[in-house]
Amino acid sequence: MSKLKLLVAIGIPVFLILGLFTGLSRFGVIYFPLSFHHGVLMLNGFAGGVITVERLLSNPKDRWFHIGLILLTAGLVLYLLGFEFGLLLVSVNVGILFLKETLQLVEKQSQNGVYQLVGLLSWFIGNLKFYQNGFYPAAVPFWIVFILMLIVGTPLIKNGKKDVISLILALTLFFSFWLGFHSYGQTIYGIGLVLLSIRLGYLELKNRSKHLLGVVIAYTWLMMTGISLLFSDHILYSYDLVLHAFFLGFFFSMIFINAPDALLKKLGLEELKTFPNFWLVFLSIGLIARLIIGDLFQIQLARSIGGTLNLLTIILYAASLLFQAIRNRTGAERANS
């Protein structure tokens, strides 16, 4: 493994671990500093880091992706140290990714490029919204679209389809903000998420996707996100429910399913066994305790237990990959000696 790949393999989990423990501290289960920055760490540090690194590993000789990764890392470190302009450095990295994706779209004219551009633009706008007022609810809807758009194109590309229905639904989600998110926009946003989850789930079932159980679980949590938005006025912990049904339920489900193809192969770790269905079931048990029992029925103990189970799931998943990587590397060195 090259030094670049080794640094990437070590660096990404740092933001993830910080994000996980700041999240747990928000429950009061443990004390961990920087708990207010949980969302920024998970979205910009982990999710943004994964996206940036994936681009870098695909184009290791492109210096702009190197610059982007440096800006992302430096910007987050500065932000955590109290220098809020660090978030603007992260946004410069988003601008680099956006320009690169625009050039690629012009060259290849792939529908997936449209999803990528909408996602990157949403990431950029969300960061600027948060930089302006430090108010998470103003940025989160854009951040959800950022993650969703970067994921949506993947099953369509795998199936070799240019799906107009999915594209229309995706663009509807993005433009719903201009209708006023807390009025008609929120309703359209929620309906759009539900319909998109049904559409993409149908395409995966039709094409007999690999890890079908995991795919069904992922799109079920995406549907739950949309439903929760539609009934948010009647749910006390609706903000927590919407956020974590999406970012934990949907996003991490897709990480468990797609990590081998999206990142591990580019790190030279394609031989690792990931068992996505097992981890998704384990993750969902924690989410049911936290979101369904805890948030809907306002049981704080269930929220804390579910959050702890979610943290353990992600840490154990990462630990299993690390253990396999070390074991395989050790075995290879012994075989060559």
Per-residue ellipticity at 222 nm attributable to helices in the chain (runs of n ≥ 4 DSSP H, -39500 (n - 2.57) apiece, nearest 500 deg cm²/dmol) works out to -24000 deg cm²/dmol
Using 7 Å Cα-to-Cβ label points, what is the K273/N59 separation (nm, one decimal)? 3.8 nm
At 1.4 Å probe size, with no ligands or nucleic acids counted, give the accessible surface of R327 in Å², nearest ten. 130 Å²
Taking 7 Å along the Cα-to-C-beta vector as the label spot, tell me the E84-K210 distance in nanometres, rounded to one decimal. 4.6 nm
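Provide the gained length on full extension for the span V92 to Q298, in nm with one decimal, where the gain is 0.36 nm per separating residue minus the Cα-Cα distance.
Between V92 and Q298, full extension yields 70.1 nm more.
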Where in the chain are the DSSP H helices whose C-alpha atoms run 18 Å or more along the long axis and whose mean Kyte hydropathy is at least 1.0? 3-26, 63-80, 86-108, 136-158, 212-230
Simple spin-label estimate for L322 and L99 in nanometres, 7 Å along Cα-Cβ: 3.7 nm
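Leaving out ligands and nucleic acids, and using a 1.4 Å probe, what accessible area per residue does the chain come to in Å²?
It amounts to 48 Å² per residue over the chain.
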The ratio Rg/Rh over the Cα atoms of segment 3-144, Rh being the Kirkwood inverse mean 1/r radius, stands at 0.98
What figure in square angstrom, to the nearest 10, would you give for the accessible area of I292 with a 1.4 Å probe? 40 Å²
Of all accessible surface on the chain at a 1.4 Å probe, what whole percent is carbon and sulfur? 69 percent
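Does the chain classify as rounded, prolate or oblate by the C-alpha gyration tensor (a ≥ b ≥ c root eigenvalues; a/c under 1.5 gives rounded; else a/b over b/c gives prolate, otherwise oblate)? Present the calculation step by step, with values, prior to reporting the outcome.
Details: a/c = 1.24, a/b = 1.15, b/c = 1.08.
Cα axes put the chain in the rounded bin.
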How much accessible area does F135 have with a 1.4 Å probe, in Å² rounded to the nearest 10? 110 Å²
With point charges of +1 on the Cβ of Lys and Arg and -1 on the Cβ of Asp and Glu, referenced to the Cα centre of the chain, which listed residue (S91, S176, F275) lies farthest in the positive direction of the dipole? F275
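The values are calculated or read from the model by the stated rules, or taken from the named source; none is laboratory data. Model, not experiment: these values are computed from the prediction. Here the Cβ is made from the backbone with ideal geometry for all residues, glycine too, and neighbour counts use every protein chain on show. Note: areas computed on protein heavy atoms with side chains; ligands, DNA, RNA excluded. Shrake-Rupley method; radii C 1.70, N 1.55, O 1.52, S 1.80 Å.
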